[in-house]
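Structure first, commentary second.
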Amino acid sequence: MAVLAAGLITPARASADGENYLIATDITFAPFEFQDKNGQFVGIDIDLINEIAKNQNFSVTIKPLGFDAALQAVQANQADGVIAGMSITDERKKVFDFSDPYFESGVQMAVLATNDDITSYDDLRGKRVAVKNGTEGATFAESIKDKYGFTTVYFADSASMYDEVRTGNSAAIFDDYPVLLYGIAQGNGFKTVGPKQQGSSYGFAVNKGHNAELLTKFNDGLNNLRESGRYDEIINSYLGKGAAETDNSFFGLLKSTFPILMEGLRMTLILTVVSIAIALVLGIVFGLLRVSRAIWLRAIGTTYVDIFRGTPLLVQAFFIYFGIPAALGFQMSALTAGIITLSLNAGAYMTEIVRGGIQSVDKGQMEAARSLGIGYLPTMRKVILPQAIRTMIPSYINQFVITLKDTSILSVIGIAELTQTGRIIIARNFQSFNMWLIIGIIYFIVIMALTKLSDYLEKRIVK
């Protein structure tokens, strides 16, 4: 519970003298940022920001998000800065203030190692090409697609982009060449085709007009690292080594990733249990409003249900985590936003479960109790609800299962639940099939256990 309580606290902001900063990143962009087999955040970007922080005598807290979410977190002042292999462009300069460039990138095309049909851009005509949101590779692909007659399809993370080609749905990918070469070195089954194109520079960024002191410290620290030779050591440690010798078999992966997966499962269960408990309270409150005799109370209940059943959970998560804090000028932790999102969403469905349970009780029960002089609320509490609960149990457990699966959507705001943990691992080892199989089995075991619990509780209550 201490861990949960800590997660609910608003994330730390930079102190008055700027000694601690919250840095957003995309943790699925090896070799710039990823999670190693011990669960530590590593990579060129991570090592650089940590070394610069040490050099400039400040500290950082790494906030792992997807690339798009990382940018939104900085814009919403939910993070002080972002380092995520981010290209410095004129468009982004309108929104962010950038550091001096810390890496000169480039773009290259890649296809499956077994593909001998595509040898140049001309061979892409009529085909699909996979790219990642916001990357230099995506920008370059867009700039030449009309000339060479191919279409682009976008993905939020590198692993999904590569899988798109493995499945045969797309013919090639365009990616930042260091990321591409690192993946090939790890045995992802691709090969480079065509020349390396000149790309943009990577930069560290802060929200425009904010954290100028942090930007200055980053630049000063970067210059010091370059002069000392430490910068070259970091770059070479990731781009100069070959494929890792690891056991990527099903059981090898299960053994090496099990502790990290269990951490992800723990977060999934925390989110589910806390959210469904709050949702039950919301469901009872708004469920009673939905069956109230007062029109205005029914209207309140109906409005709540319509809003949260009528909008996607993903939109709700973004609005609660990015939209509300940005509009009202405060910060909210990802865990808090995730629990609020799931609770409100599941609460809307629980409201309908409660309403259906109440209405399933014969109306004569209410009439008989009222004829004996028992008030409406006591009748509802002592007569109607106890009978309604029996019919609600299966639906309640079903909503529990749905909420458990819905936690995977919260990866978009940086919560490392089970599905996001899998994405992070795949970004490191590129073993999509085996990893998703392992994660699917874990979900299946947990959900089957909940189903059996539902059957047991239903039988006990009926008796």
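Quick notes on this structure:
- VAL354 vs. criteria crowded, with 22+ Cβ neighbours inside 10 Å, touching a helix residue (DSSP H, G or I) at 6+ places or on another chain (Cβ under 6 Å) and modelled with pLDDT of 80 or more: yes
- The listed residue being within 30 Å of ALA79 (Cα to Cα) and in a helix (DSSP H, G or I), out of GLY323, GLY364: GLY323
- Helices (runs of 4 or more DSSP H) contained entirely in region 165-271, each with at least 3 residues that are of a type in the set (S, T, N, Q): 212-228
- The residue of region 297-315 that is nearest to the chain's Cα centre (by Cα), among those that are open to solvent by 80 Å² or more (accessible area, probe 1.4 Å) and over 26 Å from ASP68 (Cβ atoms), is ASP306.
- Residue in region 178-189 that is touching a helix residue (DSSP H, G or I) at 6+ places or on another chain (Cβ under 8 Å), aliphatic (A, V, I, L, M) and under 30 Å from ALA326 (Cα atoms) present: no
- Test: residue in region 94-103 that is basic (Lys, Arg) and within 25 Å of THR421 (Cβ to Cβ): no
- Restricting GLN387, GLN420, GLN331 to residues that are more than 30 Å from GLN75 (Cα to Cα) and either touching a residue at least 24 places away in the same chain (Cβ under 8 Å) or in a helix (DSSP H, G or I) (or both) narrows the list to GLN387.
- Cβ pairs under 8 Å, 6+ apart, first in region 126-137 and within 20 Å of ASP68 (Cα to Cα), second charged (D, E, K, R) and modelled with pLDDT under 85: LYS132/ASP157; ASN133/ASP68; GLY134/ASP68; THR135/ASP176; GLU136/ASP176; GLY137/ASP176
- Test: ILE461 is part of a helix (DSSP H, G or I), at pLDDT below 75 and either within 18 Å of PHE258 (Cα to Cα) or among the β-branched types (Val, Ile, Thr) (or both): yes
- Within region 377-436, being among the β-branched types (Val, Ile, Thr), under 21 Å from the mean Cα position of the chain (by Cα), more than 25 Å from GLN186 (Cα to Cα) and open to solvent by less than 50 Å² (accessible area, probe 1.4 Å) holds for VAL401, THR403, THR407, VAL412, ILE413, ILE415.
- Selection count, region 150-163, where residues are open to solvent by 20 Å² or more (accessible area, probe 1.4 Å) and either part of a helix (DSSP H, G or I) or at pLDDT 90 or above (or both): 6
- Residue ID - most open to solvent (accessible area, probe 1.4 Å), chosen from residues in region 111-123 that are in contact with a strand residue (DSSP E or B) (Cβ under 7 Å, 6 or more places away or on another chain) and assigned to a loop (DSSP other than H, G, I, E, B): THR119
- Any chance ALA172 is open to solvent by less than 30 Å² (accessible area, probe 1.4 Å), at pLDDT below 90 and of a type outside the set (Val, Ile, Thr): no
- If you go through region 84-107 and keep only what is open to solvent by less than 20 Å² (accessible area, probe 1.4 Å), within 15 Å of GLY199 (Cβ to Cβ) and not aliphatic (A, V, I, L, M), you end up with GLY85, SER87, TYR102, PHE103, SER105, GLY106.
- Subset of region 124-143 (residues that are open to solvent by 10 Å² or more (accessible area, probe 1.4 Å), part of a helix (DSSP H, G or I) and within 19 Å of ALA159 (Cα to Cα)): GLU136, THR139
- Tally, over region 25-54, of residues that are of a type outside the set (A, V, I, L, M, F, W, C), assigned to a helix (DSSP H, G or I) and crowded, with 18+ Cβ neighbours inside 10 Å: 3
- Residues of region 51-97 classified as polar (S, T, N, Q) and over 23 Å from the mean Cα position of the chain (by Cα), total: 5
The values are calculated or read from the model by the stated rules, or taken from the named source; none is laboratory data. None of the values given here were measured: they were computed from a predicted structure. Reconstructed Cβ throughout: ideal geometry from the backbone, glycine too, with neighbour counts over all protein chains shown. Quick note on the areas: whole protein, heavy atoms, side chains included, nothing else; ligands and nucleic acids left out. Shrake-Rupley method; radii C 1.70, N 1.55, O 1.52, S 1.80 Å.
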